[in-house]
1. Starting from the 7 Å offset along Cα-to-Cβ, what nm value, one decimal, do you get for the label separation of ALA244 and LEU123?
2. Calculate the translational D of region 140-209 in whole µm² s⁻¹ from Stokes-Einstein, where the hydrodynamic radius comes from the Kirkwood formula applied to all Cα pairs, the temperature is 20 °C and the viscosity 1.002 mPa s.
3. Could you pull the accessible area for GLU92 with a 1.4 Å probe, rounded to 10 Å²?
4. Which value in nm describes the separation of the simple spin-label points at ALA155 and PHE12, placed 7 Å from the Cα toward the beta carbon?
5. Residue by residue through region 132-137, which ³J(HN,Hα) values in whole Hz follow from phi under the Karplus form 6.51 cos²θ - 1.76 cosθ + 1.60 (θ = phi - 60°), with glycine and proline marked x?
6. Could you do me a favour and compute the accessible area per residue for region 70-175, 1.4 Å probe, result in Å²?
7. Just to verify a number: what accessible area does LEU154 come out at with the full protein assembly present, 1.4 Å probe, Å² rounded to tens?
8. With the crude spin-label approximation of a point 7 Å out along Cα→Cβ, what separation in nm comes out for GLU111 versus ASP75?
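The values are calculated or read from the model by the stated rules, or taken from the named source; none is laboratory data. Source: prediction; values computed, not measured. Reconstructed Cβ throughout: ideal geometry from the backbone, glycine too, with neighbour counts over all protein chains shown. For accessibility, only protein heavy atoms count, side chains too; no ligands or nucleic acids. Shrake-Rupley method; radii C 1.70, N 1.55, O 1.52, S 1.80 Å.
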Amino acid sequence: MRAGPVRGPHPFVYVNIGDPRHWTADPLRRLRVGAFLHRAAAVAAISPHAADVLRARFRLPARRLRTLPNARPADRFRPAADPAGKAAARAELGLPAEGPLIAWVGALSPEKRPDLALAAHALLPADTHLALAGEGPLRATLAPGPRVHPLGPLADPAPLYRAADVLLLTSDSEGVPGVLIEAALAGLPAVATDVGWVSDVVRPGEGGLLVPPGDPAALADALRTLLAADRTPYAAAARARALAHFDLDTVTTGWQQLLREVARR
């Protein structure tokens, strides 16, 4: 028989990708998830804060928890080399050559709040454009206009990051969003709602600005601030942090180590 918490012929690792406080708010679901977690050989959390929540919420022993953040390959998300590169990316996507451009990338679903992106954008100057990339049940609510550009799902969002001036994230719930990591690697500063573990990627005042969820006026104020600022320091800080903490090569090494440990049990 195997020693430890694993029951059954094969050990497994549970990967927590969101905020457990959000998806286990119901007591019965919390009980079921907790029972499942205690059967895992290890539990991988995407943030040190998520690991703390899992430890407290489900009484998991610290030795079974490992922090392995969301990650992306740095070479796929390079910044635009110069203004000509930005202009080429806009032309590739059929976006206006002139004026500030805000990018929104994600599932067009209620918890991602694309409606907040539209509401915040409506409060901005008339020359500011909003490009929304994604698919989902709310796609029909995104009416195109002279300043709003629904792009649908993109096989590769990298050109949009190179084309844009700011990334906007409006979610009510998140883990460590991959879109923020991708944008940071591309040197694109962000305005984001301060939910889940967003602050692991966007350090306020460094790689971008954070605002409370559900507040389009606060989002618009932060967007105005960032669009009016010299974004070069924000872009450099965002990319440096992403390379240090969320590059796929670094995180892959951590995963290999964990899986070897589990396989030896």
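1. 3.2 nm
2. The Stokes-Einstein estimate is 165 µm²/s.
3. Using a 1.4 Å probe on the heavy atoms, I get roughly 130 Å².
4. 3.3 nm
5. 10, 10, x, 9, x, x
6. In whole numbers, region 70-175 has 42 Å² accessible per residue.
7. Surface open to solvent at LEU154 totals about 50 Å².
8. 3.4 nm
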